[in-house]
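A short worksheet on the structure shown next.
The values are calculated or read from the model by the stated rules, or taken from the named source; none is laboratory data. From a predicted model like this one, the values you see are computed outputs, not experimental measurements. Because the Cβ atoms are built from the backbone with ideal geometry, glycine has one as well, and the counts that use them run over all protein chains shown. With ligands, DNA and RNA removed, areas are computed over all heavy atoms of the protein, side chains included. Shrake-Rupley method; radii C 1.70, N 1.55, O 1.52, S 1.80 Å.
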Amino acid sequence: GEIYFDGKNITHVSRKEQQELRSRMQMVFQNPLASFDPKKTIRFSLEESAKVHKIKPEVYKARIKQLMEYIALPEDLLTRYPKDLSGGQLQRLAIARALMLEPDFILADEPVSALDVSVQAQILNLMLDLKEDKGQTILFISHDLNVVYQLCDSALVMKQGRIVEQGPVEELYDHPKEDYTKALLAAAE
């Protein structure tokens with residue numbers, strides 16, 4: 001396949017172009033604990049990408065302060081290590097890390113599947129806020145169609161690596177065309 005971003009095919013861009021694109025695209029992984037270096041503090045993990053992209057210390061320090069307020073976590077967590085935090089705290093911090101570079105696009109790969117239901121709701125509310133209030137573009141990958149319905153404007157259904165159906169979320173839910181989509185929806189009830 002091919003990957004398009006901002007109308008440009010980026011499937012085979014140079015290393016220099018990849019580096020430029022990385023600041024515009026960020027990722028939130030399924031397992032928040034595994035996405036942080038266990039030997040580094042949370043502050044180090046948040047600062048790392050800012051340093052790589054040559055953001056001035058006064059700018060990224062202010063940004064970290066704003067992001068900690070935004071994700072509703074106290075700044076004293078920045079001195080701690082990943083093992084000392086809950087999955088929900090780590091996933092909110094992973095979202096903050098993704099927002100450090102003020103990306104145009106976030107890829108969220110099953111960001112709530114490893115969390116308990118009450119924490120899932122907190123993370124989903126944060127993602128909804130990013131989408132609705134901040135206008136953040138998010139590609140949200142999930143097997144949970146109820147979550148997809150709650151968060152997404154449009155969706156595509158994949159089976160064995162192939163797209164079998166796509167369209168506005170309401171249309172897919174109200175009038176699924178493919179048997180596979182119908183089966184997924186029935187399983188989600």
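Here are the numbers for the structure shown:
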quantity: For region 168-181, Karplus couplings with θ = phi - 60° (6.51, -1.76, 1.60), whole Hz, Gly/Pro x; calculated: x, 4, 4, 5, 5, 6, 7, 9, x, 9, 8, 4, 5, 4
quantity: Mean Cα-pair separation over length for the chain, i.e. relative contact order, pairs under 8 Å, 6 or more apart, %; calculated: 20 percent
quantity: Farthest positive-ward along the chain dipole, Cα basis, beta-carbon charges - from Ser49, Met25, Ala114; calculated: Ser49
quantity: Members of Lys40/Lys159; Lys61/Lys159; Lys40/Lys131 lying beyond 32 Å, as alpha-carbon distances in this model show; calculated: Lys40/Lys159; Lys61/Lys159
quantity: Carbon + sulfur, % of accessible area of the chain - ligands and nucleic acids excluded, 1.4 Å; calculated: 51 percent
quantity: Linear extension gain, Asp104 paired with Leu156, 0.36 nm per residue minus alpha-carbon span; calculated: 16.6 nm
quantity: For region 48-56, Karplus couplings with θ = phi - 60° (6.51, -1.76, 1.60), whole Hz, Gly/Pro x; calculated: 3, 5, 5, 5, 4, 8, 6, 7, 5
quantity: Under 17 Å from Lys65, Cα to Cα: lysines that are on another chain or at least 8 residues apart; calculated: Lys51, Lys56
quantity: Distance between region 109-140 and region 158-189 - C-alpha centres, whole angstrom; calculated: 21 Å
quantity: In sequence order, calculated HN-Hα J values of region 27-41 (Karplus, 6.51, -1.76, 1.60; Hz; x Gly/Pro); calculated: 9, 10, 8, 5, 9, x, 5, 6, 8, 10, 6, x, 8, 10, 6
quantity: Identified option (computed Rg and Dmax of the Cα atoms in Å; candidates [x] 17.8, 54; [y] 17.9, 58; [z] 17.0, 52); calculated: [x]
quantity: Among Ile71, Ile163, Ile95, residue whose mean-square fluctuation peaks in a GNM of the chain (springs only between Cα atoms under 10 Å); calculated: Ile163
quantity: Surrounding net charge for Ser142, when Lys and Arg each add one and Asp and Glu each subtract one, Cβ distance under 13 Å; calculated: -3
quantity: Asp104 long-range amide H proximity, modeled H, under 5 Å; calculated: Met25
quantity: Where the Cα pairs of region 15-79 fall when distances are cut into 5 Å bins, in %; calculated: 3, 14, 21, 27, 23, 9, 2, 1
quantity: Amide hydrogen neighbours beyond the local backbone of Val28, cut-off 5 Å, H modeled; calculated: Leu107, Ala108, Asp109
quantity: Test item: Cα-centred dipole of the chain, Lys/Arg +1 and Asp/Glu -1 on Cβ, debye; calculated: 1120 debye
